[in-house]
1. Would you mind finding the longest exposed-site-free stretch of chain A, with exposed trypsin sites (Lys or Arg not before Pro) meaning DSSP loop and at most 16 other Cβ atoms within 10 Å?
2. Over chain B, what is the relative contact order in percent, taking alpha-carbon pairs closer than 8 angstrom and at least six residues apart?
3. If you take every residue apart from A:Pro98 with its C-beta less than 14 Å away from the C-beta of A:Pro98, what net charge results, scoring Lys and Arg +1 and Asp and Glu -1?
4. All other residues with a Cβ under 13 Å from the Cβ of B:Thr62 taken together, and with Lys, Arg as +1 and Asp, Glu as -1, what is their net charge?
5. Hey, what did chain A get for relative contact order, percent, Cα under 8 Å, at least 6 apart?
6. With the cut-off at 18 Å, tell me which of the pairs A:Lys20/A:Lys66; A:Lys20/A:Lys64; A:Lys41/B:Lys99; A:Lys14/A:Lys66 have Cα atoms farther apart than that.
7. Tell me, what is the FRET efficiency for B:Tyr50 and A:Thr82 to the nearest 0.05, using R0 = 35 angstrom and their Cβ-Cβ distance as r?
8. Just to confirm my numbers, what's the Cα centroid distance between the range B:18-74 and the range A:20-47 in Å?
Amino acid sequence: GAVVSQHPSWVICKSGTSVKIECRSLDFQATTMFWYRQFPKQSLMLMATSNEGSKATYEQGVEKDKFLINHASLTLSTLTVTSAHPEDSSFYICSARPLAGGVDTQYFGPGTRLTVL
Amino acid sequence: GQQLNQSPQSMFIQEGEDVSMNCTSSSIFNTWLWYKQDPGEGPVLLIALYKAGELTSNGRLTAQFGITRKDSFLNISASIPSDVGIYFCAGPPQGGSEKLVFGKGTKLTVNP
């Protein structure tokens with residue numbers, strides 16, 4: 001149980017285009033999903049917290065107009081990187097927390113590797 | 001914000017050896033979590049610690065919650081090749097209990 005999927009697993013796009021990444025909780029409902037970014041050989045950095053039916057909360061320094069987050073249902077959150085540039089190339093990982101779950105019940109997806117040319 | 005300092009940054013060991021890594025913070029954490037990340041994958045929770053002084057095992061893994069609440073240790077006994085990966089400590093920063101802050105990770109390489 002507690003499986004989180006991400007789609008696509010990798011994507012290559014041209015500079016200036018937009019890319020949408022999906023995060024799905026497959027066997028549980030999640031009111032809260034988190035989006036992280038991980039650069040090579042670096043730690044996971046929280047970008048935003050996504051709550052179903054409300055606006056996402058972005059961490060300091062993360063541009064909300066560039067990284068659009070939509071949490072339309074209890075099993076799906078999407079991250080759209082708008083007007084992507086090479087510096088946005090990174091490993092994007094989502095996590096989902098079940099209803100009534102605590103801080104130790106964030107289940108992570110397998111990540112999406114974004115390369116912007 | 002609160003930061004977690006992990007050491008060592010990387011380790012190269014022989015199969016069968018024991019491994020120890022630690023995580024420290026200048027601030028108090030009320031929960032310590034240890035994750036493992038395989039290449040190209042998301043982190044997987046190994047052990048969760050909730051009380052100062054707590055010692056918890058998961059198979060060959062043992063983790064301890066420091067009594068000052070500012071540090072935690074993870075030990076792996078009798079390492080095997082599949083232990084290879086990056087180990088992260090993490091915890092909820094004060095005032096933001098639903099979020100997690102991660103350490104920079106310890107990359108473990110096990111030579112057969």
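1. Working: sites that count: A:Lys14, A:Lys41, A:Lys55, A:Lys64, A:Lys66.
Result, exposed sites excluded: A:67-117.
2. Working: 290 pairs, mean separation 40.6, N = 112.
For chain B, the relative contact order is 36 percent.
3. Numbers: positive: A:Arg24, A:Arg97; negative: A:Asp27, A:Glu52, A:Asp104, B:Glu98.
Combined, the nearby Lys, Arg, Asp and Glu give -2.
4. Working: positive: B:Arg60; negative: B:Asp18, B:Glu54.
It works out to a net charge of -1.
5. Numbers: 295 pairs, mean separation 42.7, N = 117.
The normalised contact order for chain A reaches 36 percent.
6. Details: A:Lys20/A:Lys66 12 Å; A:Lys20/A:Lys64 14 Å; A:Lys41/B:Lys99 22 Å; A:Lys14/A:Lys66 16 Å.
The answer is A:Lys41/B:Lys99.
7. Values: r = 40 Å, r/R0 = 1.14.
Efficiency, from the Cβ-Cβ distance: 0.30.
8. 21 Å
The values are calculated or read from the model by the stated rules, or taken from the named source; none is laboratory data. Values in this document were obtained by computation on a predicted structure and should not be read as measured data. Counting neighbours? That spans all protein chains shown, and the Cβs are built from the backbone with ideal geometry, glycine included. Heavy atoms of the whole protein, side chains included, go into the accessibility calculation; ligands, DNA and RNA do not. Shrake-Rupley method; radii C 1.70, N 1.55, O 1.52, S 1.80 Å.
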